[in-house]
């Protein structure tokens, strides 16, 4: 149970399992993607994403899209574990529970990044904006990590509650606000070509959030799954 | 456990007397502020409630950690009690703030960091209550509650910090004074005394309320237990 | 003979509700114990405690020489569990499910062991098919395969027949008898007395949160297991009544 090699073996097994199952069904990713595109479409009409306003709202639209789609994926990814008793199956294995948590988090992170990888070029083409700025991609990397770190923990609580279908966004959004704000500001900063000194505080905030919440979730996950 | 502890009765009286005194101090002892006038008096209780709100959520997070370590239902009761009281005082803070902001800022509401953080904080702890109400089994409810009390409390300073990176207009009366803040003022000694007394009063009031609520929780658990005994 | 499962004065409370009270339970190596009892008697809770998924409130529990909950990892390594849920991933094939669990348990020479297990539960020709497409019976057989993959000393079965039709039950029993049970200690909860009677070597009745009686297969009287079961439950009920009368 202790030791680095068994930990990594369990972690990679969980990640492999999630990615493999998703590769088979593509249920989660396709749902997230369709949802993401719908959100963008709705914003198109709600905000009239004309070129004059676009520069300012693109960052906001992108992150609302990511967080909503991400929430959908997080919910589904845990529901799958709960439905056939697989969560018990995971907990019965002689592995550190933290490895299970990190494995699920990593898999969820991959799903969120995949959504970003597909949404970004589509958005770029639709609105004729260049989104492929290295700093912007870094922001997405950092922002989505903090989001799934907390989201994976909270979704493992939400699926065990009676109100599981509606609980996750209510639990997740208020505590994810710092991530969303920082990510939106950093993204907006890169899109407007601001100086790095103006963006840096936001990136620092994202890193702080990522470190703090990944560490805390890592420590308390055991209490969420242990009866 | 069934009889009300004597000390609690004593605290009830002390808290009551202090509160009346605090009101008297605010209205008759503290001088009228030159620019803002009467509405400034909201400040004493506004800041005191904000302090209790933060204190209560900190207490909740602290007892959340204790619960996760010791798994003792008593810690869970304190945590829940603190959250409930915190929600009430955070709400009082927002309302008194609005009363003050209307004449001074010319708006009931602004998207200032403190106001927004207070609102987000309320939402976090409403979510906390919804989480608890969605779980039947008491131990699991306590565990999840503890985890969320910790996560929620950690997110609050980050939320505040992230919103503060926008420019703020909320006055900072205590500590460093931001010249851009609207409605800031310097406290005279009498104001400071009144303010400190309000803080003390609210803190004593908080401890008293917390004690009552924890006792109520313990009693209702006992009722639950007795009901089950009758059924079997 | 040595006890492989030893439980003494076990209490489990969910908040104010007492589910298990002062439960004593002992299983010797190689025994097949069927835990019988009405719904809500605490069978599943008890099995979850034995399988380290739930912590005891009071009392001591040891499985395969390790105490719970402190040495849970050592216990888990020596434990196989089949529940009424399959604990399998529908979007993975039979093979991939075993591969995943084999990695989680760090099984040596995994691919050889997987072939063996798939052969034993009769799913070799369906190994590449998604579990989602399997019937309940096949899923349950694969669940047995998953549970014995790491060759556990102790096997816990929680209502394994739930939701299966007659044929599927027969096939499951055959798989259990031929593959899983041999050389292992088994504890199975069931409310299906006739199934349990065919399989187990010892029968314990769990009611009102504790073991009310225990009987060896060869000691069952003429009226069979059902008779013993009813008698024990009746006795337990009378005891409870007397207890209440005394208290009042």
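Every read-out reported here was derived from the displayed coordinates using simple, explicitly stated rules and does not represent laboratory data. In this text, all values refer to a predicted model and were calculated from it rather than measured experimentally. Every residue, glycine among them, receives a Cβ derived from its backbone with ideal geometry; neighbour counts consider all protein chains shown.
If eta is 1.567 mPa s and T is 4 °C, what Stokes-Einstein diffusion coefficient results for chain B, Kirkwood Rh from Cα pairs, in µm²/s?
It diffuses with D of about 67 µm²/s by this estimate.
Relative contact order of region B:69-128: what whole-number percent is it, with Cα pairs under 8 angstrom and at least 6 residues apart?
Working: 20 pairs, mean separation 19.7, N = 60.
About 33 percent, as a whole number.
Quick one: give the max-minus-min coordinate of the C-alpha atoms of region C:91-205 along each principal axis, largest first, in Å.
39, 29, 19
Label-point separation (nm) for residue B:137 and residue C:177, each offset 7 Å from Cα along Cα-to-Cβ?
About 3.5 nm, to one decimal.
Give the average, rounded to an integer, of partner chain Cβ atoms located within 10 angstrom of each Cβ in C:133-144. Don't skip to the answer; put the middle values down first.
Details: counts 0, 0, 0, 0, 0, 0, 1, 0, 0, 0, 3, 0.
Taking the mean over all residues of the peptide, I get 0.
Cα centroids of region C:73-89 and region B:50-102: how far apart, whole angstrom?
41
What FRET efficiency comes out for the pair residue B:203/residue B:126, r = Cβ-Cβ distance, R0 = 25 Å, nearest 0.05?
Efficiency, from the Cβ-Cβ distance: 0.55.
Indicate, rounded to the nearest 5 percent, the antiparallel portion of the DSSP beta bridges found entirely in the protein assembly as shown.
So the antiparallel bridges in the protein assembly as shown amount to around 55 percent.
Could you please tell me the mean projected area of the C-alpha convex hull for region A:4-225, averaged over all directions and given in square nanometres to one decimal?
12.5
I need the Kirkwood Rh of region B:42-172: take the reciprocal of the average 1/r across all distinct C-alpha pairs and report it in angstrom.
Details: mean 1/r = 0.0654 Å⁻¹.
Its Kirkwood hydrodynamic radius stands at 15.3 Å.
Output the relative contact order of chain B, whole-number percent, from Cα pairs under 8 angstrom with separation of 6+ residues.
Computed value for chain B: 29 percent relative contact order.
Please list, by residue number, everything in region C:1-40 whose backbone N is under 20 Å from a paramagnetic label point 7 Å out along Cα→Cβ of residue A:162.
C:14-19, C:40
Give me the extension gain from residue C:29 to residue C:109: residue separation times 0.36 nm, minus the current Cα-Cα distance, reported in nm with one decimal.
Working it through step by step, the gained length comes to 26.1 nm.
So what's the back-of-envelope 222 nm ellipticity for chain B, counting only DSSP H runs of four-plus at -39500 (n - 2.57) apiece and dividing by all residues, rounded to 500? Could the numbers behind the result be given before it?
On the way: 6 runs with 172 residues, N = 232.
Theoretical 222 nm ellipticity from helices: -26500 deg cm²/dmol.
When the chain is fully extended, how far beyond the present Cα-Cα distance does residue C:215 get from residue C:71, taking 0.36 nm per residue of separation?
Extending this stretch completely gives an extra 48.8 nm.
Averaged over peptide C:82-89, how many Cβ atoms belonging to another chain are found within 10 Å of each residue's Cβ?
5
Would the protein assembly as shown count as rounded, prolate or oblate if I go by the C-alpha gyration tensor, calling it rounded below 1.5 in a/c and otherwise prolate when a/b exceeds b/c, oblate otherwise? Each step should come with its number before you reach the end.
Numbers: a/c = 3.06, a/b = 1.45, b/c = 2.11.
The shape class here is oblate.
Within 10 Å of each Cβ in A:213-226, how many Cβ atoms from other chains are there, averaged over the peptide?
Mean partner shielding for this stretch: 4.
Considering only C-alpha atoms, what is the centroid distance from region A:19-39 to region C:99-129, in Å?
Here the answer is 29 Å between Cα centres.
What distance in nm separates the two pseudo spin-label positions at residue B:29 and residue C:201, each 7 Å out from Cα along the beta-carbon direction?
In this crude label model, residue B:29 to residue C:201 measures out at 8.3 nm.
Using Cα springs under 10 Å in a Gaussian network model of chain C, which residue among C:90, C:227, C:30 shows the largest mean-square fluctuation?
C:227
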